[in-house]
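Let me begin by presenting the structure, written as structure tokens, before commenting on it.
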Amino acid sequence: MNLHHMIDLDRLSVEEIMELIGLANSIRSNPWAYRESCRGKIMATLFYEPSTRTKMSFQTAMFRLGGEVVGFDNPGNTSVSKGESLKDTVTVVSGYADLVVIRHPKEGAAAAASLYSRSPVINAGDGGHLHPTQTLTDLVTLYNEKGRLDHLCIGLCGDLIYGRTVHSLIRAMIRFPGNSFVLISTPELALPQYVKDAMDAAGCRWKEVASLEEALPELDVLYMTRIQQERFSSPEQYRRQKGVYILDEKKLARAKADLRVLHPLPRVDEIATEVDEDPRAAYFRQTVYGMYARMALILTILQNRETWAGQEPEPAVYPCRCSNPACITHSEPYLPHRYTRSGDELTCWYCDEHTPAPASGR
Amino acid sequence: MNLHHMIDLDRLSVEEIMELIGLANSIRSNPWAYRESCRGKIMATLFYEPSTRTKMSFQTAMFRLGGEVVGFDNPGNTSVSKGESLKDTVTVVSGYADLVVIRHPKEGAAAAASLYSRSPVINAGDGGHLHPTQTLTDLVTLYNEKGRLDHLCIGLCGDLIYGRTVHSLIRAMIRFPGNSFVLISTPELALPQYVKDAMDAAGCRWKEVASLEEALPELDVLYMTRIQQERFSSPEQYRRQKGVYILDEKKLARAKADLRVLHPLPRVDEIATEVDEDPRAAYFRQTVYGMYARMALILTILQNRETWAGQEPEPAVYPCRCSNPACITHSEPYLPHRYTRSGDELTCWYCDEHTPAPASGR
Amino acid sequence: MNLHHMIDLDRLSVEEIMELIGLANSIRSNPWAYRESCRGKIMATLFYEPSTRTKMSFQTAMFRLGGEVVGFDNPGNTSVSKGESLKDTVTVVSGYADLVVIRHPKEGAAAAASLYSRSPVINAGDGGHLHPTQTLTDLVTLYNEKGRLDHLCIGLCGDLIYGRTVHSLIRAMIRFPGNSFVLISTPELALPQYVKDAMDAAGCRWKEVASLEEALPELDVLYMTRIQQERFSSPEQYRRQKGVYILDEKKLARAKADLRVLHPLPRVDEIATEVDEDPRAAYFRQTVYGMYARMALILTILQNRETWAGQEPEPAVYPCRCSNPACITHSEPYLPHRYTRSGDELTCWYCDEHTPAPASGR
């Protein structure tokens, strides 16, 4: 597999994804065989915003392969706070480390880092944009818990409008045949139209429902997410509706015996703790699958490193700014304005936002 | 030794304690023989309050056994700050790591963690309750510096009312024959009655004295602790009394030639720096013994891990709340209210506080 | 080489420096041969002020030698915040670790640490005083990029009055024959007289110029540093002058083809990003040389550790206080007041500040 960076899971073919899942399962069934695979290798974790859970998963993955980890998770303590650019930090750190894992609050930051890095880059979350190793975790979990990634009826419950893990999972699962989706949320938190368009384009069935209880009986998979209180239209709405989206044993009684419940964690109260003992609750096992998924990814990328020449091919530069105010190009002004063009529309190479092409063409 | 968790040193038999001390000394005399003993193993350090010293001792111990360490020491940077329960954090992290070391400001937190952990748990301090690896450190120090753990006259000086290390050390030393205790403190900081009762029950001689100088000549061991200024009844009392509890060379001149001075560190000014050069000052050597004590503990627990089936036997649940407001059961409401019963009295399984049994029995 | 601590690069002979550079290059050309050299060894990083860049360089160096790292970089989270002295922290930590790397805001702190450490000490920056591993990095860079350390015309640009890296580099380079210096700064930021005296004493040519552009054509090396805005006499001065000290491609057009540009990093805007692509820009390669320089230093010191008896010979104690208010002796009052005497002048053993000798002699 010709994998050098992991910025966006969509850039991998279905075959490449299945190869990663297969490797994750090989490691899982025989971890001892891999415990020296990355001996002498160093991974840098550049966490521009804290995410202890994701960081510990990456660290553990690297340690279980025999490698070491350096990094920071508190930009206030770093050169960044002296005004250093993302470019300089990534250039320097990628000279120390064999692999760079970056988490950043700005959209497109991982793609930007890959332009300057002297080592492969893994995106560990770039703002509300992408979090490909979470989605890879979800796929490894589904494959193991359900035995397949196709012909599944998948319920997605909670905050569907802002939840990047939900969008990424849908975009991954529509590539496998026969999957259908049940979208369970308030109207205010409904899935964005462009994700619905993607399901339609792939020929997938989907429907929107307002009640978790009603949706449960037909589901093979239930993907739960947090609804933050401030996302409801009023405190009154929150009090009235929140119970509708809480999973408990009473609601689970109506579900299939082989349902599997996933959650990207941390949860607050959207799954009652009584559910934890139910064999259908897969969310704690999911975190362990995530560790193996990251081991497979790290190992694959580091094995390719020997043959990697550096820079990836780059898309064209246009003289216009990305229309997404959260895009990394606004806070790091030296970045070239790269886009892919489709008719009159430009897609930002960093954050995937659409922008009209300038009248004069390129 | 059938050791899976280390929550409370009192749960170990004297034979098991001596076995740990013996292993610590084996490692100390031949550290190189153990440097690959935990290769491929991962320890998680969950520090819900900072304690750099304790954390560095655990980390060094694990590294010197060939293992790796993940963890956090700043809950503000973690999922905890998003409202995650102790249960969820421990469940997830124990899925990554082979061993969990927890430090928490609430009493009973380590016992609570052991209910949900998928890996063995070591208590690195739970509020004012227990700190068993400090006591194990003290025992390894005494055994090596004095050649025995019995028939010692042990002075304890400073804050005896709140000092958990003092209470734990007494509870450990009364299990060895012939030890006696000299309690050196102000009346406000005197040892609690229940610890005195424990000494009496074990048939140990003890006395209370007000002056360190007066106590020194008869001591085999002097265990110093900090007295925080705010513990005195008034600033005036502090100024008048503090010198009484400061160890200096002048006072030491009256002590036995083979006295040993211990201190859990950090010190502030209760031991003058001039004492550091005195061969009787054992407190810096004590920190090195602590590293070997923790190596012995980690190694023993990880060797037992292979045969460990998970959950420990659990005591009964009663429908009443623990009377200790600092108990972990108050901040983590899903915890079952477990107690051991003795007559009309319940003892909290988490924090060891006594609560009257409800009238109706179980 | 009889190297136990690395407090000040000046304490090494030219031959010893060349030996370290040679080892750094050996490691660089064959890193795999060294990846187990420090297996089982532990380095402690005591960072009393944050410096992520320097810490990551040290950590990576130790990991690439097969060793492990413990430490802290946030004194607010440590025993230090409970009032512990530098002496106690260093004594304890050096009992855990085989090597102590210290960074501290006070001048002379690394020398003070070496008095109490049970392991060798490396100075990773002590206030505005010394930063010997940065200078060693600069020397490894120059040796590799220029092929020699002698007969170079070296420009130094920016903040020459406070820049400790500039002073250290000059003091190192005047020990090699035939080097000359061009000092490029505003009058307010000119090099201190005592550094000029050192150049004169070594018989080195030097001159001061006000313009980078004018100086560039004759330089073999350009060492850039940040000028902080607040160092200008007025905001107006800053606006008027700052462009004069910014390196860009236009200015570089006048420079030699084999010029090399160094910078200790992080930069802010004193080098335009367009320069990064120029092969003469050596500052990113410099950080990688720094990793190999630190590997060579760590390896050399740890190999000497076996034969090290502990305490170094100590200079005399005088009954007077150091005149430098930033000296570590003022914040750690137990430190003996050590000086070397030359005629009527005492030089502080910790911070190198000069103080008149007391009239009564020693």
By average C-beta atoms within 10 angstrom, highest first, the peptides B:264-270, B:135-141
B:135-141, B:264-270
Which residue, chosen from C:Leu212, B:Leu346, A:Tyr289, occupies the Cα position most advanced towards the positive end of the dipole of the protein assembly as shown, where the dipole is computed from +1 (Lys, Arg) and -1 (Asp, Glu) charges on Cβ about the Cα centre?
A:Tyr289
With charges only on Cβ, +1 for K and R and -1 for D and E, what is the dipole size of chain A about its Cα centre, in debye, rounded to 20?
440 debye
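What ranking do A:256-262, A:294-300, B:147-153 get when scored by the average of other Cβ atoms within 10 Å per residue, highest first? Let's see the in-between values first.
On the way: A:256-262: 18.6, A:294-300: 24.7, B:147-153: 14.3.
Order by mean packing, descending: A:294-300, A:256-262, B:147-153.
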List the distances, in nm and shortest first, from the label point of A:Glu49 to the matching label points in every other copy, placing each point 7 Å from Cα along the Cα-to-Cβ direction.
3.1, 3.1
Give me a single rounded figure for B:265-277: the average over its residues of other chain Cβ atoms within 10 Å of their Cβ.
3
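What's the local net charge at A:Leu259, with K and R +1, D and E -1, over the other residues with C-beta under 9 Å away?
Here the count lands on +1.
If neighbour count is taken as other Cβ atoms inside 10 Å, put A:Met199, B:Met56 in order from fewest to most. Present the calculation step by step, with values, prior to reporting the outcome.
Values: A:Met199 20, B:Met56 24.
Fewest-to-most ranking of A:Met199, B:Met56: A:Met199, B:Met56.
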In nm, one decimal, shortest first: how far is the label point of B:Gln303 (7 Å from Cα along Cα to beta carbon) from the matching points in the other copies?
3.6, 3.6
What is the fewest-to-most order of C:Thr273, A:Thr287, B:Thr347 by other Cβ atoms lying within 10 Å of their Cβ?
C:Thr273, B:Thr347, A:Thr287
Give me the percent relative contact order of region A:132-287, please, defined on Cα pairs under 8 angstrom at least 6 residues apart.
25 percent
According to the Cβ-distance criterion of 4.7 Å, cysteines of chain B with no possible disulfide partner are B:Cys38, B:Cys153, B:Cys157, B:Cys204, B:Cys320
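Expressed as a fraction of 2.2 N^0.38 Å, the rule-of-thumb size for a compact globular protein of N residues, what is the C-alpha radius of gyration of chain A? Write out the running numbers ahead of the final one.
Values: Rg = 20.7 Å, N = 362, 2.2 N^0.38 = 20.6 Å.
Relative to the 2.2 N^0.38 Å estimate, chain A comes out at 1.00.
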For the pair A:Arg305 and C:His151, how long in nm is the line joining their label points, each one 7 Å along Cα→Cβ?
4.0 nm
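Based only on other Cβ atoms within 10 Å, what is the fewest-to-most ordering of A:Lys55, C:Lys146? It would help to have the intermediate numbers written out before the result.
Numbers: A:Lys55 22, C:Lys146 18.
Ranking A:Lys55, C:Lys146 by Cβ neighbours within 10 Å, fewest first, gives C:Lys146, A:Lys55.
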Shortest-first distances to equivalent copies, position B:Pro279, nm, label 7 Å out along Cβ:
6.8, 6.8
Please name whichever of A:Asn179, A:Ala112, A:Leu222 sits farthest to the positive end of the charge dipole of chain A, dipole taken about the Cα centre and charges placed at Cβ: Lys and Arg +1, Asp and Glu -1.
A:Ala112
Mind checking which lysines have their Cα closer than 26 Å to the Cα of A:Lys207? Skip sequence neighbours fewer than 8 apart in that chain.
A:Lys146, A:Lys196, A:Lys242, A:Lys250, A:Lys251, A:Lys256
What percent antiparallel are the DSSP beta bridges of region C:316-356, to the nearest 5?
100 percent
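FYI, it's all coordinate maths here, none of it is from the lab. Since the structure is predicted, the reported quantities are computational estimates derived from the model, not experimental observations. Ideal geometry is used to build each Cβ from the backbone, glycine not excepted, and the neighbour counts take in all protein chains shown.
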